[in-house]
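Here's the structure we're looking at; comments come further down.
The values are calculated or read from the model by the stated rules, or taken from the named source; none is laboratory data. Being a predicted model, the structure only gives us computed values, none of them experimental. Cβ atoms come from the backbone with ideal geometry, glycine included; neighbour counts cover every protein chain shown.
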Amino acid sequence: MQDAGQVVLRDIVLVGGGHSHVGVIKRFGMRPLPGVRLTVICTDTDTPYSGMLPGYVAGHYAYDEVHIDLRRLAEFAGARFYRDEVIGLDRDQRQVLCRDRPPVPYDRLSINIGSMPAVGLVEGASEYAVPVKPIRRFNERWLALLERVCRHAGRTTIAVVGAGAGGVELTLAMQYRLRGELQRRGRDPDELAFHLFAAERDILATHNARVRRSFERVLTERGVVVHRAAEVSRVSAGRLCTRDGETLAADEVVWVTQAGAATWLRQTGLTLDAAGFIEVRATLQTVSDPLIFAAGDCAAMLGRPLEKAGVFAVRQGPVLAENLRRSLLERPLRVWRPQRRWLALISTGGRYAVASRAGMHAEGAWVWRWKDWLDRRFMARFGDLLPMADQARRQRAPVPLDENEALQATSALAMRCGGCGAKLGGALLSRVLAALHPIARADVLIGLRAPDDAAIVRVPPGKALVHTVDFFRSFIDDPWLFGRIAANHALGDIFAMGAEAQTATAIVTVPPGLERKIEDTLLQMLSGAIAVLDDVGCALVGGHSGEGSDLALGFAINGFIDENLAGVLRKGGMRPGDVLVLTKAIGVGTLFAAHARLRARGRWIDQALAVMAQSNAPGARCLREHGATACTDVTGFGLLGHLVEMVGSSRVSVEIALDDLPVLDGAVETSAAGIVSSLHVANRRARRYLRNPEQGSGHPHYPLLFDPQTAGGLLASIPLASADACLRALRALGYDKAACIGRVLPADEHAEPICLLAQARARPSG
């Protein structure tokens with residue numbers, strides 16, 4: 001998280017999580033620049049290290065051994081991590097345009113998005129070939145291919161297009177893994193046929209002749225058919241054709257050639273080379289804009305064409321980090337000088353590799369061990385992370401400021417007012433509100449479209465108002481996503497009671513700072529919230545904003561219900577014979593406690609955030625349609641705390657099957673490590689309502705009974721006859737982990753009301 005004691009003066013935005021940027025993030029984490037905030041925008045949380053990808057495909061490494069956890073690395077550096085897709089730039093306004101969120105402002109921008117196989121240049125390749133990048137999609141296809149080959153009896157033909165180092169290495173890695181899998185299953189590995197297509201006469205054209213001869217020998221020994229001077233001109237379903245008229249029937253076509261640039265770069269106005277890559281100077285500044293830098297495969301150096309190789313991106317990292325720093329400090333920039341010769345260690349599938357550097361050649365198992373040692377050493381830089389002390393972040397900011405900025409910065413640190421003096425400025429609020437477009441409702445008579453001292457809304461005849469309020473500080477450095485989650489959390493009480501949301505008023509706290517930084521944060525946060533409110537027909541009609549030490553957001557929500565309370569779902573309606581259904585997985589509290597300690601994997605946090613951002617509105621409708629008798633939303637008191645409220649109000653007892661609790665990925669691991677939320681201790685007081693805590697305490701899910709949730713799911717009692725259909729319907733709506741977790745029993749006056757079971761008794765599974 002960004003340190004609350006440091007005013008943000010400048011923003012560095014990093015687009016992409018390539019080899020250069022991971023180095024930049026790590027260096028800023030080790031040596032922060034006071035007053036400077038990093039924001040990382042990337043579509044994927046796990047960024048692969050290209051040098052180990054063939055080893056992963058071959059089965060020598062696990063997934064986590066070859067991927068850098070960007071979210072965790074960003075947390076270490078105090079950087080914001082935005083998981084989104086960049087679609088363009090507005091250089092006049094200095095903004096990055098994203099697919100899902102409002103534009104992201106920058107003071108300095110760096111682009112490190114790599115390259116993509118240019119499948120669009122060949123007819124049918126984009127539809128029927130599997131490009132090796134982006135790695136996430138390739139991995140999905142590779143795992144599917146692995147499963148398909150293992151299940152499919154008979155011959156499988158795989159074609160790899162591209163005979164450079166990447167194509168040759170990937171061919172041998174896939175073949176090694178697939179043949180091994182077939183052998184382990186007692187099948188004939190010769191069922192596999194591999195074909196390698198080279199556009200030129202030679203394979204590995206950029207390497208010396210001895211290296212080429214080594215791989216020609218290996219390919220021949222492994223039975224890989226090499227098609228030379230065979231430029232692929234067309235790909236169709238199950239078939240590819242070369243320019244000379246050769247055709248091959250193939251079950252899978254993998255594309256590892258013709259590096260291409262991202263198409264959105266063409267609309268940026270940046271100077272590009274003939275292939276569409278960003279032209280940069282030796283300082284890694286773009287030719288056309290000194291505020292924008294680029295590195296790695298997406299950059300093209302003026303006067304020095306470079307091979308698209310990861311070694312250059314890695315070595316650009318330190319210079320890029322230093323020049324971003326120097327640019328903000330208005331100091332002379334460093335020059336990056338690429339080496340003229342570099343070492344390439346290319347594996348042959350098994351634990352054997354070939355070394356290539358200019359005219360040098362060496363090979364053997366020892367070369368693979370050397371490569372393995374170098375790769376693991378590189379990855380260790382980004383795996384062994386410890387939280388940094390705040391001392392460096394609290395130093396005086398050396399960033400040059402103009403007179404107005406200096407006044408605002410001084411005020412933010414030392415001259416804050418209380419009372420109404422702590423409100424955000426009227427001009428700032430007016431600009432933000434003008435950029436927001438909340439849904440219009442006919443029953444909103446006075447709202448944000450014509451703001452006044454208060455909103456006025458009409459209550460429809462026969463309806464009664466439902467009021468609720470929720471407010472909490474941010475736990476993530478993404479204000480847009482935080483806004484979505486805060487809105488979902490506040491709406492949860494409305495939906496849990498079977499009501500329809502009508503209007504919302506916002507309560508906002510923003511840390512003090514430069515006005516334009518506050519404005520962006522407020523716009524991002526409210527834009528995320530309004531998207532959620534609009535989706536359920538809830539109009540934002542007003543609110544209150546002020547300054548505080550932490551970013552925080554809440555909502556007072558009004559909703560409607562029948563004035564005779566028809567259709568109202570309350571906590572106290574559970575009936576013996578009902579079953580308990582939980583719509584979302586639990587584990588949010590422990591996961592974010594671990595995240596703050598750099599002990600959680602980024603993909604665990606991704607899943608938790610996705611669950612929190614999921615609306616409870618469809619789930620509530622589904623529960624009502626299937627005859628729910630009682631309902632509540634699971635939030636800060638944890639599953640057990642909220643269940644105790646339901647049991648007490650309903651005067652029943654319940655059985656809970658610990659095995660059946662839906663749990664977020666990683667939550668068992670973090671809770672077992674003793675990492676829990678600050679509210680966990682208070683929530684454990686609910687143990688006194690457990691009939692047999694000693695029987696459940698050893699179960700891995702037991703600690704999660706007390707885990708506080710944010711924007712958690714709905715807990716409802718459902719008639720037994722409807723339970724199966726209800727679960728199927730919930731899962732069809734996207735509640736993938738919805739589960740039946742227990743059953744309702746008559747009250748036992750002589751025992752505590754909640755009994756824990758390791759396994760469920762016979763009941764619906766959905």
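Per-structure values
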| item | result |
| --- | --- |
| Within region 586-630, tally of residues that are aliphatic (A, V, I, L, M), more than 19 Å from ALA487 (Cβ to Cβ) and assigned to a helix (DSSP H, G or I) | 6 |
| Index of the failed condition, PHE194 passing every other in (1) of a type outside the set (Gly, Ala, Ser); (2) within 29 Å of SER233 (Cα to Cα); (3) more than 39 Å from the chain's Cα centre (by Cα) | (3) |
| Residues of region 260-285 classified as among the acidic types (Asp, Glu), within 30 Å of the chain's Cα centre (by Cα) and either part of a loop (DSSP other than H, G, I, E, B) or exposed (fewer than 14 other Cβ atoms within 10 Å of the Cβ) (or both), total | 0 |
| Candidates ARG304, ARG340, ARG326, ARG334 - the one that is without any contact (Cβ under 8 Å) to a residue 24 or more places away in the chain, charged (D, E, K, R) and in a loop (DSSP other than H, G, I, E, B) | ARG340 |
| Subset of region 91-122 that is at pLDDT below 95 and assigned to a strand (DSSP E or B) - its residue that is surrounded by the most Cβ atoms within 10 Å (Cβ to Cβ) | PRO117 |
| Qualifying positions in region 577-596 - among the small types (Gly, Ala, Ser) and closer than 13 Å to ASP633 by Cα | ALA585 |
| Selection status of GLU169, in the same structural domain as ARG228 (by TED's automatic domain parsing), surrounded by fewer than 18 Cβ atoms within 10 Å (Cβ to Cβ) and in a helix (DSSP H, G or I) | no |
| Residues (of a type in the set (A, V, I, L, M) and either part of a loop (DSSP other than H, G, I, E, B) or under 21 Å from HIS544 (Cβ atoms) (or both)) located in region 479-502 | ILE485, ALA486, ALA487, ALA490, LEU491, ILE494, MET497, ALA499, ALA501 |
| Among residues of region 280-306, those that are touching a Phe, Trp or Tyr at 6+ places or on another chain (Cβ under 9 Å) and on the phi < 0 side of the Ramachandran plot, counted | 15 |
| Conditions (1) touching a Ser or Thr at 6+ places or on another chain (Cβ under 8 Å); (2) not assigned by TED's automatic domain parsing to the domain that holds HIS19: number failed by ARG83 | (2) |
| Count - residues of region 653-699 that are of a type in the set (D, E, K, R) and not in a helix (DSSP H, G or I) | 3 |
| SER288 under 22 Å from VAL132 (Cα atoms), over 31 Å from the mean Cα position of the chain (by Cα) and polar (S, T, N, Q) | no |
| Which numbered condition THR505 fails, given (1) over 30 Å from ARG71 (Cα atoms); (2) part of a loop (DSSP other than H, G, I, E, B) | (2) |
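Per-residue answers, yes or no, for (1) in a loop (DSSP other than H, G, I, E, B); (2) acidic (Asp, Glu); (3) within 23 Å of ARG83 (Cβ to Cβ):
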residue	(1), (2), (3)
ASP477	yes, yes, yes
THR521	no, no, yes
ILE530	no, no, yes
GLY537	yes, no, no
SER545	no, no, no
GLY554	no, no, no
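This table checks each residue for (1) under 16 Å from SER653 (Cβ atoms); (2) surrounded by 20 or more Cβ atoms within 10 Å (Cβ to Cβ).
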{"residue": "TYR689", "(1), (2)": "yes, no"}
{"residue": "LEU714", "(1), (2)": "no, yes"}
{"residue": "ALA723", "(1), (2)": "no, yes"}
{"residue": "ARG731", "(1), (2)": "no, no"}
